[in-house]
Amino acid sequence: MRTGLLIVLCLAGTAMAADDGRQLVRLPPAAESTLRAEMRANMLAVNDILALVAAGKLEEAGARAEQDLGQAMMGRHRSLPFDARPGPHMPPAMHQLGIDGHRAASAFARVAASGDREKTIAALPTLTQSCVACHYAYRLR
Ligand code: HEC
């Protein structure tokens with residue numbers, strides 16, 4: 001019984017890998033490690049923003065969104081060596097998804113700064129839309 005389940009799971013895993021339509025993108029190792037570090041910080045920021053909104057701290061949520069996910073983040077890697085900058089090594093459409101995400105976070109920040117709780121909650125999914133769009137389209141390995 002258990003072996004049967006294991007086989008089914010293995011087959012499901014193989015099928016998923018074969019159906020994975022994401023585009024493989026090759027980044028220089030240094031750029032990949034910059035990207036991964038930024039991604040982990042993204043995750044932390046999203047979690048903190050959710051907690052701040054839940055606690056009714058809308059202005060703080062907006063400030064975090066702008067500082068850690070918004071347009072304030074753009075160009076932050078400009079002073080790094082070229083090989084350590086993810087953006088210029090991405091296909092243009094992927095880079096654009098990143099830019100769209102920063103813009104969406106800044107738009108969310110403005111809604112949160114208005115102090116309107118209903119509107120801020122309604123805007124929450126716009127924070128994660130670009131994460132999902134990019135992760136479903138591209139992979140590094
Ligand atoms: C422009 C594309 C893009 C956007 C936008 C994006 N990511 Fe990523 N993210 C990636 C890629 C590519 C990887 C590596 C996937 C792989 O390993 O193949 C990644 C990996 C990650 C990882 C794993 C980090 C590690 O240490 O390996 C986390 C966590 C993550 N992303 C969170 C987020 C969150 C949260 C957002 C939105 C706020 C986001 N990402 C937006 C492209 C993106």
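Would you mind classifying the stretch 88-141 by shape? Square roots of the alpha carbon gyration tensor eigenvalues, ordered a ≥ b ≥ c; an a/c under 1.5 is rounded, otherwise it is prolate if a/b is larger than b/c and oblate if not.
The shape class here is prolate.
Per DSSP H run of n ≥ 4, the term is -39500 (n - 2.57); total these for the chain, divide by its residue number, and report the mean residue ellipticity at 222 nm rounded to 500 deg cm²/dmol.
Helix contribution divided over all residues of the chain: -21500 deg cm²/dmol.
Counting heavy atoms of the protein chains alone, D100 has an accessible area of about 70 Å² for a 1.4 Å probe. Here the accessible area is traced with a 1.4 Å probe on the protein chains. For the chain, carbon and sulfur cover 61 percent of it. Considering only alpha-carbon pairs that sit under 8 angstrom and 6 or more positions apart, the relative contact order computed for the chain is 33 percent. Centroid-to-centroid, using Cα positions, the stretch 36-58 and the stretch 100-124 are 13 Å apart.
Helix 125-137 and the long axis of the chain differ in direction by around 30°, with both axes built from C-alpha atoms. In summary, the convex hull built on the alpha carbon positions of the stretch 60-106 has an orientation-averaged projected area of 3.2 nm². Less than 5 angstrom separates the built amide H of Y138 from those of Q23, all sequence-distant by 5 or more or on a different chain. Extension gain for the segment I121 to N47, taken as residue separation times 0.36 nm less the Cα-Cα distance, is 25.2 nm to one decimal. To the nearest 0.05, how large is the calculated FRET efficiency for Y138 and A113 if R₀ is 41 Å and r is the Cβ-Cβ distance? The calculated FRET efficiency here is 0.85.
Is the C-alpha gyration tensor of the chain telling us rounded, prolate or oblate? Criteria: a/c under 1.5 is rounded; beyond that, a/b larger than b/c is prolate, otherwise oblate. It comes out oblate by the Cα gyration axes. Quick check: from the Cα gyration tensor, does the stretch 38-121 come out rounded (a/c under 1.5), prolate or oblate? Here the stretch 38-121 falls in the prolate category.
The values are calculated or read from the model by the stated rules, or taken from the named source; none is laboratory data. Keep in mind that this is a model prediction, so the values were computed, not measured. When we count neighbours, we look across all protein chains shown, and the Cβ atoms used for this are built from the backbone with ideal geometry, even at glycine. Just the protein is used for accessible areas: all its heavy atoms, side chains included, with ligands, DNA and RNA removed. Shrake-Rupley method; radii C 1.70, N 1.55, O 1.52, S 1.80 Å.
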